[in-house]
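Data block below; observations after.
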Amino acid sequence: MKKRNQAARYTLATLLIVAAVCVGFAIVPSNKRNTIMESTTPQVRISTNYGDIVVKLYDETPEHRDNFLKLAREGYYDSTLFHRVIKDFMMQGGDPDSKGAPAGKHLGMGGPEYTIPAEFVYPKYYHKRGVLSAARQADQVNPERRSSGSQFYIVWGKKYTEYELKQLAAQLDGQRGQQIFNGLAAQHRDSIQAMYQRGDQKGLNELQRQLAAETDKILKETPGFSFTPEQIKDYSTVGGTPFLDNQYTVFGEVVSGLDVVEKIQKVATGQGDRPKEDVVMTMTVIE
């Protein structure tokens with residue numbers, strides 16, 4: 001009875017949604033990329049019609065660092081928009097399709113023809129207010145959590161009480177099982193689709209039972225989720241989006257212009273969380 005209940009906690013149904021699950025963090029899935037190797041880490045100035053934001057990039061995330069610098073130097077980001085802004089959450093940009101985009105155009109799907117492997121440096125780097133993180137597709141179609149080749153977001157978030165953080169930690173720990181299960185199921189995506197198509201419910205139930213058992217084994221062998229004292233301090237005094245930790249690559253942070261980020265994250269938005277008045281950017285690498 002216990003095994004049946006364990007298997008029932010997880011579902012294979014989400015694996016059929018493999019075409020376009022983006023939740024606003026869109027990428028073009030490919031692996032073609034040219035990189036440069038930086039011996040030092042320059043800062044990058046993001047100039048907007050609301051003011052300038054200067055970010056530093058982390059050496060511990062070299063693939064994201066080098067790619068961001070390369071695109072900034074090439075002018076890839078110039079004239080693009082912060083096309084998705086959510087108050088008390090984040091502001092997202094880097095979609096080349098946003099250049100000169102007319103009002104009402106759906107944005108968030110553009111980018112170069114490659115993705116970047118996740119570079120989680122957790123818990124050292126986490127989603128406190130002002131960090132620079134890479135956008136990506138959802139876990140259902142991107143179980144490796146590879147980053148977009150160009151799209152990024154700057155975190156604003158909110159301040160949390162220690163009690164709220166303890167509750168969130170418990171919630172995130174409870175979600176680990178489904179995340180692990182989804183990753184395992186993604187490895188069997190083709191066979192799952194084939195079984196659905198031929199109506200092999202017995203085969204689906206057996207695979208679900210096997211993956212659930214494997215998920216529970218992994219859960220027992222790995223520590224549960226918890227926030228570090230430093231995270232608790234920052235999230236309670238500075239703010240951020242702790243529910244994104246260890247899911248999206250954090251590769252830099254704002255060193256000046258956080259007041260500009262605050263202004264932008266408060267702008268009026270319309271359909272698709274796009275600002276009603278375009279927030280245009282240009283980038284300059286500070287050598």
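The values are calculated or read from the model by the stated rules, or taken from the named source; none is laboratory data. Just so it is clear, the model here is predicted, and its values are computed rather than measured. A quick note on method: Cβ atoms are made from the backbone with ideal geometry, for glycine too, and the neighbour counts reach across all protein chains shown. Protein only, heavy atoms only, side chains kept; ligands, DNA and RNA dropped before computing areas. Shrake-Rupley method; radii C 1.70, N 1.55, O 1.52, S 1.80 Å.
Being more than 17 Å from Val279 (Cβ to Cβ) and surrounded by 18 or more Cβ atoms within 10 Å (Cβ to Cβ) is the requirement here; does Tyr77 meet it? Spelling it out, it is not the case that Tyr77 is more than 17 Å from Val279 (Cβ to Cβ) and surrounded by 18 or more Cβ atoms within 10 Å (Cβ to Cβ). Do you know which residues across the stretch 189-203 are crowded, with 17+ Cβ neighbours inside 10 Å and either of a type in the set (D, E, K, R) or within 30 Å of the chain's Cα centre (by Cα) (or both)? Once the filter is applied, which keeps residues that are crowded, with 17+ Cβ neighbours inside 10 Å and either of a type in the set (D, E, K, R) or within 30 Å of the chain's Cα centre (by Cα) (or both), the stretch 189-203 yields only Ile192. The C-beta contact set for the stretch 160-182 (first residue over 13 Å from Phe225 (Cα atoms), second residue among the β-branched types (Val, Ile, Thr) and exposed (fewer than 13 other Cβ atoms within 10 Å of the Cβ), distance under 9 angstrom, 6+ apart or interchain) comprises Ile180/Thr222. Go through the stretch 155-177 and give me each residue that's open to solvent by less than 50 Å² (accessible area, probe 1.4 Å) and of a type in the set (A, V, I, L, M). Passing the criteria: Val155, Leu165, Leu168, Ala169, Leu172. Since Phe68 meets every condition but one in (1) part of a helix (DSSP H, G or I); (2) open to solvent by 10 Å² or more (accessible area, probe 1.4 Å), which condition does it not meet? Here Phe68 meets the rest and fails (2). Of all residues in the stretch 89-144, those satisfying the criterion of being within 17 Å of Leu71 (Cα to Cα), open to solvent by less than 40 Å² (accessible area, probe 1.4 Å) and not in a loop (DSSP other than H, G, I, E, B) are Gln92, Gly93, Pro96, Ser98, Tyr114, Thr115, Ile116, Leu132, Ser133, Ala134.
Here Lys202 passes the criteria (1) farther than 24 Å from Arg129 by Cβ; (2) of a type in the set (Lys, Arg); (3) assigned to a loop (DSSP other than H, G, I, E, B) except the one numbered (3). Take the conditions (1) part of a helix (DSSP H, G or I); (2) out of contact with any helix residue (DSSP H, G or I) (no Cβ under 7 Å at 6 or more places or on another chain); (3) closer than 25 Å to Tyr126 by Cβ; Lys266 misses just one of them, which is (1). Residue pairs whose Cβ atoms lie under 8 Å apart, separated by 6 or more positions or on different chains, with the first residue in the stretch 102-121 and on the phi > 0 side of the Ramachandran plot and the second hydroxyl-bearing (Ser, Thr, Tyr) and part of a strand (DSSP E or B), are Gly111/Ser148. For the stretch 240-260, the set of residues classified as more than 17 Å from Leu57 (Cα to Cα) and open to solvent by less than 20 Å² (accessible area, probe 1.4 Å) consists of Gly240, Thr241, Pro242, Leu244, Asp245, Val260, listed by residue number.
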